[in-house]
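Everything on this sheet refers to the single structure shown next.
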Amino acid sequence: MVNLKKRLIYARRAALFILGALLSLPTFALQLKESAPETYTVKRGDTLWAIANVFLNEPWLWPELWRTNTQIDNPHLIYPGDVIVVGYVDGQPVLSVKRDKPSYKLSPATDKRVKPKPVDVLSWTTISPFIRQHMLLDEESYASLPKLLGNQDGNVRFASDDFVLSQQQFSTDDQYRVVRKHATIRNLDGEILGIQVTHVSTASLVEKDEGSNTMLLFIDDANQEAKRGDKLMAGGFEHPEGFELVPATSQRGAIVGDLHDHDLLGKYDVVILDLGSMEVAPGTVLGLYSQGPAIIDEESPRYVDEPGANTGGEWFIDTVSQPALKVGEVVVFKTFDAASYGLITRANKGIKRGFIVAKP
């Protein structure tokens, strides 16, 4: 009898083969949207992704549109006030920028001149809460973090301005983040990729008791009440200073979780991918692909995952793998050793765990 799990493994392999074939199809000449304007003036609050969407159906191809221009070295550094101009060279669309001489703002407090800030690649307002308040830790690192123990009033929850006793952190830091385990993130084969933690509050060191290996902390600022058993991290959550849009090439992975606890996700939701920092970098653009269940090809066709499909199996059974269809795009904005966070920038159906991510 063919084991159902083996069927699913074979089906997944076949699906990846089909997806590989789909993604290896030849590319076509770069084309502008029919609605693309001849000129566009960059406004404060614009993002690079949004501007690229004005001109292209495939925003990650943005750098390919830029013509060599002495006024702009990097098409990922666009400033408010820049005028983007559409032109054609040998029948192919190109972009150039009209930019006045660099303008500087004089700070009222000093005579230092402040250079204008380029537009962000993605909306900082959208992604900053996930950069500042969420991260993945490996199991060993999470287990080694000290935890909150309690206070003199016998409370189990602690708010701002409370004094709390904790296990001692063996470091010279005097500022901490209180974090709480949100979920254990696993890949589609059940292997643990990391522990998802969420920032709860900040705390300052009052004193250490070397004899009992404890610390007395003062809760400075609480996003929500801290609890006994919450963990302590020294320092802040790291985030990239900036990144460029780069399409994925051979990377393939899957959505293995999200930060919203929703069954279905859509545009501007954040997902967790099973691709780590060795495979993707902030700014990597991937396509989102949906694939239906494999079909058992018999007198009464059945899906391999429907009830009863695994009973009375035969040694030789025909299964048909459905093609993976593109349903959107996701941009990676934060990476960890074994996983990464991505922002869904386009979706034409509900996105969920198990969807494939690959070359856009």
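The values are calculated or read from the model by the stated rules, or taken from the named source; none is laboratory data. As the structure is a prediction and not an experimental result, all values here were calculated from the model. Quick reminder, even Gly has a Cβ in these numbers, built from the backbone with ideal geometry, and neighbours come from all protein chains shown. To get the accessible areas, we keep the full protein, side chains included, count just its heavy atoms, and leave off ligands, DNA and RNA. Shrake-Rupley method; radii C 1.70, N 1.55, O 1.52, S 1.80 Å.
Highest mean first, what order results for 180-190, 206-216, 220-230, 267-277 on Cβ atoms within 10 Å?
267-277, 220-230, 180-190, 206-216
Lys and Arg at +1, Asp and Glu at -1: add these up for the other residues within a Cβ distance under 10 Å of Leu205 and post the number.
After counting each charged neighbour, the total is -2.
Amide H to amide H, which residues 5 or more places from Val94 or on other chains are under 5 Å from it, using H placed in the peptide plane?
The answer is Gly87, Tyr88, Val89.
Going by amide H atoms built from the backbone, whose H comes under 5 Å of the H on Phe333, apart from near neighbours?
Gly283, Tyr341, Gly342, Leu343
Report ³J(HN,Hα) in whole Hz for each residue of the range 280-293, in order, from the Karplus equation J = 6.51 cos²θ - 1.76 cosθ + 1.60 where θ = phi - 60°; Gly and Pro get x.
So the Karplus estimates, Gly and Pro as x, are 9, 10, x, x, 5, 9, 10, x, 9, 10, 10, 10, x, x Hz.
What's the carbon and sulfur percent of the range 108-223's accessible surface, probe 1.4 angstrom, rounded to a whole number?
The computed percentage sits at 47.
Considering the Cα trace of the range 197-307, what is its radius of gyration and what is Dmax, both in angstroms?
In Å, with Rg to one decimal and Dmax whole: 22.6, 75.
Filter the chymotrypsin sites (Phe, Trp or Tyr not before Pro) in the range 125-198 to those in DSSP coil with at most 16 other Cβ atoms within 10 Å of their Cβ, and list the result.
Within the range 125-198, the qualifying chymotrypsin sites (Phe, Trp or Tyr not before Pro) (loop, at most 16 other Cβ atoms within 10 Å) are Phe170.
What fraction of the Cα pairs in the range 135-258, stated in percent, has a spacing above 21 angstrom?
Value for the range 135-258: 47 percent of Cα pairs lie more than 21 Å apart.
Sorted by packing (mean other beta-carbon atoms within 10 Å per residue), highest first, where do 279-286, 50-57 land?
Taking the mean over residues of other Cβ atoms within 10 Å, the ranking is 279-286, 50-57.
Could you please report the charge total around Val178, scoring K, R as +1 and D, E as -1 over all other residues with beta-carbon less than 13 angstrom from its beta-carbon?
Computed value for this residue: +3.
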